[in-house]
Amino acid sequence: MNPFRIVHLDTEPTWRGGERQLFWLARELKKRGHQNWVACRTGSPLADRCRAADLQVFEFAPKGEWDLRAASALRRFLREQKADILHAHTAHAVGLGAVAAWPVDCGFLATRRVDFPLRRNIFSRWKYGRLNEIVAISEKVRDVMLEHGWHGPKISVIHSGIDPADYPSPGNREDLRRAKGIRNEDLLLVNVAALVPHKDQETLIKAVELLRKDVPAIQLLILGEGHLRSRLTRLIDQLGLKQCVHLLGHRDDVLDYVAAADVFVLSSVEEGLGTSLLDAMSLGIPAVATQAGGIPEIFGDSANDVLVPSRNPSALAAALGRVIGSDDEKQRRVRWGRERLAFFTVARMANQYLDVYQRVNVRHHEKTQRHHHHA
C-alpha cells in the first residue's frame with residue numbers, strides 16, 4: 001500500500017474522546033509512514049497536543065460549519081498538500097469539509113461517534129451526501145443511522161481503539177489518592193463524562209443516594225463540564241449529597257482519578273461506544289455501566305451479566321453495591337476488561353482505517369473518471 005496524504009479535520013474547541021481518537025490515529029499512521037495533517041481550531045487543545053507529538057497542524061478559526069472563508073482556506077490547504085484523503089472527525093467538520101472538498105481532487109469520509117439520528121434537513125442531506133464513505137464507531141451507531149432512513153454512502157464499522165503506552169503506571173495507589181486528597185478509607189466511584197443530558201449523571205447521583213444508606217463511606221467524583229452543571233448542583237443539594245458527590249469539571253489529569261477509583265461508572269442513556277470504559281479497563285479498574293448505545297459491544301459476551309438498564313437508579317445502585325461488596329466480583333470484571341482490550345487497540349483501528357482510505361481513494365477516482373468521461 002502506497003503512503004497516503006491525509007488531512008484530519010476537527011472543528012471542536014475542546015479535548016474530548018473524539019479528539020483523542022483523532023490524535024492517536026494520526027500518530028499511529030505517521031509511525032507507518034503516512035503523511036498526516038491535523039486541521040483544527042487555532043489554539044485548541046488538539047492543536048497543542050498534536051504539535052507536541054510532532055504532528056503537522058493546520059490551524060484556522062471557522063465561525064461555523066458553513067463558514068465559506070474558513071472552507072476556502074481549507075480548500076487551498078488541501079490543494080497545496082495534494083491530499084488523497086480528507087477525514088472529518090466530527091459532525092460539524094462534515095459540513096465544513098463538504099464545502100472545502102468540492103471540487104478538490106481527494107476522497108472524503110467522516111467518522112460518526114454518536115448514536116442519535118442525523119438531522120433530516122436539506123443541509124444535512126447535502127453534506128453527508130458528499131461523503132465517499134462514513135465510519136461508525138459501533139454497530140449501534142450504524143444501526144441507528146439505518147433505522148432512521150440512511151440513504152447515503154456505505155457505512156463501515158470501526159471500533160475506537162486505545163494506546164496502552166499513553167496510560168500512567170498505576171504506581172502506589174495510596175500515594176496517588178493522597179496526592180488527590182482522597183482518603184484511603186473512602187469507597188471511590190469515578191465518572192468521566194460531559195455534563196449533558198445523554199450522559200445522565202442525574203441517575204448516577206440518585207443511585208449514590210440509595211447506595212449511601214448501606215455504604216456511608218462512598219464518594220463520587222464526576223469529571224467533565226457542560227451546561228447541566230447548575231442543574232446537577234441543585235440535585236446534589238436537594239438530596240443532601242454535598243459531602244460525597246463532587247463535580248470536578250474538566251481536568252487534564254482524568255486518568256489519575258480513574259486509576260485511584262474503586263469502581264468506574266458510566267450512566268449514559270446514549271453512547272456511541274464508551275471509550276472511557278476502555279480507559280478504566282486499561283488501568284485495571286472494575287467498571288459498572290448501562291446498556292446504552294455501543295457499550296454492550298465493549299463487554300461482548302459478558303454484557304448481559306454486567307450491564308444495567310438506563311435511567312434506573314435502583315438497578316445501578318444494586319450493581320455498584322455488588323461490585324463494592326465483593327472482591328471476587330471486582331477481580332472478575334478486571335479480568336473481563338483485560339481480555340476485551342485486545343479488540344480495541346489503536347493498531348487494529350489504524351489497520352481498518354487504512355482499508356477504508358484505500359477503498360475511498362479508489363472509489364473517488366472511479367467517480368472522477370466517470371464524470372470526465374460523461375463531460
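A short reminder: the numbers here are calculations on the coordinates, not readings from a lab. Only a predicted model underlies this, so the values are computations on that prediction, with no experimental measurement involved. All Cβ positions, even for glycine, are placed from backbone atoms using ideal geometry, and neighbour counts span all protein chains on display.
Of note:
- Sequence-distant lysines (8 or more away, or on other chains) whose Cα lies within less than 16 Å of K242: K206, K213
- Between the range 18-64 and the range 268-327, the Cα center-to-center distance that results, in Å: 31
- Contour excess over end-to-end distance, with Cα ends at A61 and R251 and 0.36 nm allotted per residue: 66.0 nm
- Efficiency of FRET from Cβ geometry, R348 and H151, R₀ 45 Å, rounded to 0.05: 0.90
- Packing, as the average of other Cβ atoms within 10 Å across residues, places the peptides 312-320, 87-95 in the order 87-95, 312-320, highest first.
- For the chain, adding -39500 (n - 2.57) for each run of n ≥ 4 DSSP H residues and dividing by the number of residues yields -13500 deg cm²/dmol at 222 nm.
- On the basis of the beta-carbon distance and an R0 of 25 Å, D214 and D237 show a calculated FRET efficiency of 0.65.
- Order of L220, L187 under a 10 Å beta carbon neighbour criterion, fewest first: L187, L220
- Over the range 1-108, the hull volume per residue, using the convex hull of the C-alpha atoms, is 86 Å³.
- Spatially proximal aspartates and glutamates relative to K31 (Cα-Cα < 12 Å; intrachain offsets below 8 disregarded): D54
- Label-to-label distance for S124 and E185 is 5.3 nm, based on points extended 7 Å past Cα in the beta-carbon direction.
- In degrees, nearest ten, helix 229-238 long axis to first principal axis of the chain (Cα): 10
- Spatial separation of Cα centroids for the range 148-204 and the range 223-245, in angstrom: 19
- Here the residues L241, L109, ranked from fewest to most Cβ neighbours within 10 Å of their Cβ, fall in the order L241, L109.
- Fewest-first ranking of M145, M1, M281, using other Cβ atoms within 10 Å as the exposure measure: M1, M145, M281
- When the Gaussian network model of the chain links Cα atoms closer than 10 Å, the mean-square fluctuations of E59, E80, E329 top out at E80.
- Residue among H159, S268, A292 farthest towards the positive dipole end of the chain, charges placed on Cβ: H159
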